[in-house]
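A short worksheet on the structure shown next.
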Amino acid sequence: MSRLVTFVVAIALLVGLFSGQPTPVRHNEIRTLDSSLNRIAVVGDSYTTGGELGGLGSHGWTTRAWQLLARDGIRVAPDVAAEGGAGYGTRGNHGSVFEDLTADAVKPDDDLVVFFGSRNDQGVDPTQLSILAYGTFQLARRTAPSAKFLVIGPPWPTADPPDPVLRIRDALKYQAGIAGATFIDPIAQGWFVGRPDLIGKDGVHPTDAGHAYMAEKIAPLIGAQLTRQI
């Protein structure tokens, strides 16, 4: 009889193992348990959110960049916080500045924080902009002490950006240096110069093709800061 009881108990345990309800795993638990993932926060404006002219959903540069990185063996767990119209000193469509978005996106275990933009700060005093950028980067550093920073300045679709945009670029480059960040200058690199096919009819926002182009530019920059899964 004891053998029969043992057999029945063993069968019951196996049935429970294979047919029982799985224990739910929350998103933050996935981030914690899988050490092969590179944790990334992205803060940006409408160049990151996308819009009616291009870049929505799977067509956005972030999604495309994650796909490109995956092909190179770099797996990411991203948190993207972006808002149209937002900048370091300019509130976006929902009232946020980059510091607010940083508070939303950056987590203590992040490996990399990416800041992209913003041309929306053209009306902000350069000294004030520099102070606000400093505060934003410091918030990110306090939140994610071990993260690397990648600061991408504002792009411009022509070879002659206005002086206020150049001042934004210069302020961010300076503060990126203080923060120990890698700074990328799309203006100096002429990202969109001579490529009107990448910009929508408003002359400002990238099309789907423009977002694919940005992904091809930004994915290697992100990959250089991260590690590949061996």
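Any read-out appearing in this document is the output of simple, stated calculations on the displayed coordinates, not a laboratory observation. Keep in mind that this is a model prediction, so the values were computed, not measured. When we count neighbours, we look across all protein chains shown, and the Cβ atoms used for this are built from the backbone with ideal geometry, even at glycine.
For Val114, enumerate residues with amide H under 5 Å from its amide H, sequence gap 5+ or separate chain, H modeled in the peptide plane.
Those qualifying (amide H under 5 Å, at least 5 residues apart or on another chain) are Ala41, Val42, Val43, Leu150.
Give me the distance in nm between label points sitting 7 Å out from Cα along the Cα-to-Cβ direction at Leu56 and Ala224, one decimal.
Each label point is offset 7 Å from its Cα along the Cβ direction, giving 3.4 nm.
Explain nothing, just compute: Karplus ³J(HN,Hα) = 6.51 cos²θ - 1.76 cosθ + 1.60, θ = phi - 60°, for every residue of the range 69-82 in order, whole Hz, x for Gly and Pro.
5, 4, 5, 8, x, 10, 9, 10, 10, x, 10, 10, 10, 9
So how far apart, in nm, are the two label points at Asp109 and Ala159 if each is 7 Å from Cα heading toward Cβ?
According to this spin-label approximation, the distance is 4.9 nm.
Give the calculated FRET efficiency between Leu139 and His94 to the nearest 0.05, with a Förster radius of 25 Å applied to their Cβ-Cβ distance.
Result of the calculation: an efficiency of 0.85.
For the range 26-223, what is the relative contact order in percent, using Cα pairs closer than 8 Å and at least 6 residues apart in sequence?
Answer for the range 26-223 is 25 percent.
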